Amino acid sequence: MADASFGDRLSFRRPMPDYRAINVKAEAVLSRWGVTQPPIPIKDIVEREGVDVKFVRFATMGRTVAGLTNFDEACIYVNAEDQLNRQTFTIAHEFGHWMLHRELFEQDPARYKVLLRTPTGGMLNADPLEKEANAFAAAILMPTSMVKKVRDLVGVREMARLFAVSPEAMEFRLKNVR
């Protein structure tokens, strides 16, 4: 009996993210829309994929919420008060949820949670679904093939400017591009 309940609990666990598959999916989206160089027009891509992007003020939650996705309305809401680099990453992150997790969240809406940022800008939750959405955002905004072409030619700050991301996002991406 104990083994059966343990097995039931395991069936709810999400396996480790498949970063290779996430990269392939992100590159397929870029290929579909003919994007071959940075910066990636993520808002245009998302809207071509049938998802609206709306910039809103989250009132009292403005400093703690970067964005969220309404799966029923096919709409990503982005914090209008955030800096452009942050908004860009938020759009890509929420689009990652749309591309990778939509069916899961439509089947069980309670699984999709709006996570609050910590004072340093991170998230309070290291959920595997969040890791996947972050990996998708990095892969679509800073595609491996494009990053490899310029990483030995310019510094991190110039790469960040080229890809329209924060220097921190670019540094993290460079650590993960082989």
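Residues are listed down the side, and each one gets a yes or a no for (1) surrounded by fewer than 19 Cβ atoms within 10 Å (Cβ to Cβ); (2) touching a helix residue (DSSP H, G or I) at 6+ places or on another chain (Cβ under 9 Å); (3) outside any loop (DSSP other than H, G, I, E, B):
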site: Ile40; (1), (2), (3): no, yes, no
site: Val46; (1), (2), (3): no, yes, yes
site: Lys54; (1), (2), (3): yes, no, yes
site: Arg63; (1), (2), (3): yes, no, no
site: Thr69; (1), (2), (3): no, yes, yes
site: Tyr77; (1), (2), (3): no, yes, yes
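Among the residues of the stretch 92-110, those that are part of a helix (DSSP H, G or I) and loosely packed, with under 13 Cβ neighbours inside 10 Å comprise Glu103, Glu106, Gln107, Pro109, Ala110.
The lone criterion from (1) within 14 Å of Asn23 (Cβ to Cβ); (2) in a helix (DSSP H, G or I); (3) at pLDDT below 95 left unmet by Lys175 is number (1).
Leu162 satisfies every condition listed in (1) at pLDDT 95 or above; (2) not in a helix (DSSP H, G or I) except (2). May I ask you to list the residues in the stretch 139-159 that are in a loop (DSSP other than H, G, I, E, B), more than 18 Å from His93 (Cβ to Cβ) and hydrophobic (A, V, I, L, M, F, W, C)? Listed by number, the residues that qualify are Leu153, Val154.
For the stretch 1-30, taking the residues that are among the hydroxyl-bearing types (Ser, Thr, Tyr) and under 29 Å from Trp98 (Cβ atoms), the one that is modelled with the highest pLDDT is identified as Tyr19. Among the candidates Ile140, Ile76, the residue that is at pLDDT 95 or above and closer than 22 Å to Asn176 by Cβ is uniquely Ile140. Per the conditions (1) of a type in the set (Phe, Trp, Tyr); (2) closer than 19 Å to Asn176 by Cβ; (3) part of a strand (DSSP E or B), the sole criterion not satisfied by Phe89 is (3).
Cβ separations smaller than 7 Å between residues 6+ apart or across chains give the following pairs from the stretch 32-46 residues that are modelled with pLDDT of 95 or more to residues that are among the hydroxyl-bearing types (Ser, Thr, Tyr): Ile42/Thr88.
The values are calculated or read from the model by the stated rules, or taken from the named source; none is laboratory data. Predicted, not measured: the structure shown is a model, and the values here were computed from it. A quick note on method: Cβ atoms are made from the backbone with ideal geometry, for glycine too, and the neighbour counts reach across all protein chains shown.
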